[in-house]
Every structure is written in C-alpha cells, then in structure tokens.
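The block underneath contains the structure these notes are about, expressed in structure tokens.
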Amino acid sequence: MHELAARVGDKRLVLDCRAAPLDGERALVLELLDTERDRKVRREAALVSQQQLSRRIIRQLAHEVKNPLGGLRGAAQLLERQLPDAEQKAYTRVIIEEADRLAALVDGILRAGGAPRPEELNLHRITEHVGQLIEAEKPAGVELVRDYDPSLPSITVDRNQMIQAFLNIARNAMQALGERGRLTFRTRALTNVTLSGERHRLVLSAEVEDNGPGIPDELRETIFYPLVTGRATGTGLGLTIAQDLVSRNGGLIEFESQPGRTVFQMRLPVPNGGRH
C-alpha cells in the first residue's frame, strides 16, 4: 500500500493506494482509500496527549518560578531597610515591584487553568471582544477582517477563559504577520465532528486566519508544547495555555498552515446539538 496526494477543487486529499493483479487479465485493480478521517482521529489523539502533558509542565514551571520570587522579594525588603539613601531605595523598590508583577503573572497562569464557570452566550461576544483588543494593538499595516456566520446558536462556555484563549491565538497570528498583512476572524457551525474521541452533532468554530509565512515544518508537531516558539522574543506559552483553556470547556484547537495561509480553529461543542 502506498500513499498519494490528490486535489478535489481547492481541497487536498491524502489517499492510500492499493494495486492488485486482476485474475486472468493483463490488468490491475487500483483501489483508492480516503484516509482523511483516520488521520484526523490520530491527530486529535496526539493533540489531546500533548495538552495533558503541557498542562503538567505549565503548572510545574509556574510553581518553580513562584517559589524563588518570594525569597527575592523578602531579600529586597530587608535590603531596603538597611539603605539610608532614598535614591538607592528606589532600586530595591523596582525589584519588589517586578517580583510582585511576576508573582501576579504566575498566579494568573495557575488560576486560568481552574474549573470553568460556564454561561450561555453568543460566540461573537468572544470574537468581538478580542477584535476590539486587536484593533487597538495591531500595526497600521495589519488589516482585521470579520467573516461571521450570523445564524450561530448560543454556546455554554466560560467567557473569560475563551476570551483569553482566542486572544492568545489572535496575538500569535498578529505577531507572525509583523508590520503588514491580513487577519481574518471567522465563525462557522460544523456538523458531526469528533472532538477528543467524542462525536458531536454540532460544533462551533472560531477561527483566526493570517496570510503570513506559515508555521515552520520543524514546529508543526510541537506547536502546542510549552516554550516552543518561532519568535526570538516569544515565551512559547500562548498556544499552550489556549489549548488547555479550550480543552477545559470540552473543545479543541486545530490548525492548518502553508505559506500565505495559516488557520487556527477553536472548536467548541454545542450542548444537545443546538436544540432548545
């Protein structure tokens, strides 16, 4: 059996190809099998496994950072009491304030992974809130386009967690563009989708597309791991935290990427298939 790629319209298909001789004939029987479903199931299983490992790593990293921060802050306070000069005390005040800022950041990471507080809402309350933030942050040469499905049913999720997850995805895409490019926020309803091994009649997809250079091949399999980043100034935590938050709400983030088109899809199941 061999694998080959084919295109149907704009869609690229990966097929298994099997050939066998036809009895009594100078001919072959060629069988083409669409393996896309099996490949998606394997990919989803790998993403779930990544996310579980990443969650443990993030919590361990947060605790490892937080512990020495307390000692650093305490030492700076003791030093401040011994310094007679107000100008010198200003430096210890900087140390204390930065230690407090980092401790608050770590607490935020730990709290973000808490149990969801779900509420029923429209998905566009999330995408539009993030859109307003991105509009304020993006360079002038970056265009933000909305492509929304106005007929989406409501969904039950933790609003704050989903805003943080979608914001992390959007910022990641914006930073990949640099000073110029196009971001597209898209929402769609998908039917009969499997997430984390469970079949759902209806799933809502909040997507961020960019026309940047694409994800390097060497990062594709580990893009959701902590500390994995393609940017010199990146922390490598944004997508990891986003995947964790979405998974806590029963969903999954998937992506596809090629030069000129990268799409991250935040997929969330609709309870009872959207029935009211």
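The values are calculated or read from the model by the stated rules, or taken from the named source; none is laboratory data. In this text the structure is predicted, and so the values were computed from the model without any measurement. No Cβ is skipped: glycine too gets one built from the backbone with ideal geometry, and neighbour counts run over all protein chains shown.
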Ala170 vs (1) small (Gly, Ala, Ser); (2) over 20 Å from the mean Cα position of the chain (by Cα); (3) at pLDDT 95 or above: all pass except (2)
Out of everything in segment 155-188 that is surrounded by 16 or more Cβ atoms within 10 Å (Cβ to Cβ) and of a type in the set (Gly, Ala, Ser), what residue ends up being farthest from Gln243 (Cα to Cα)? Gly181
Look through Ile253, Ile223 and report the one residue that is modelled with pLDDT of 75 or more and closer than 13 Å to Leu204 by Cα. Ile253
Taking into account only those residues within segment 131-167 that are within 14 Å of the chain's Cα centre (by Cα) and among the hydrophobic types (A, V, I, L, M, F, W, C), which is nearest to Asn272 (Cα to Cα)? Met162
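This table checks each residue for (1) at pLDDT 80 or above; (2) within 24 Å of Phe224 (Cβ to Cβ); (3) of a type in the set (Phe, Trp, Tyr); (4) in the same structural domain as Gln164 (by TED's automatic domain parsing).
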| site | (1), (2), (3), (4) |
| --- | --- |
| Glu64 | no, yes, no, no |
| Leu83 | yes, no, no, no |
| Ala90 | yes, no, no, no |
| Glu97 | yes, no, no, no |
| Leu105 | no, yes, no, no |
| His124 | yes, no, no, yes |
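Considering segment 117-145 alone, what residues qualify as being outside any helix (DSSP H, G or I) and free of Cβ contacts under 8 Å to residues at least 40 places away in the same chain? So that I can check it myself, show each step before the final result.
Here is the first cut: in segment 117-145, the ones outside any helix (DSSP H, G or I) are 117-122, 138-145.
Hits for segment 117-145 are Glu120, Leu121, Asn122, Ala140.
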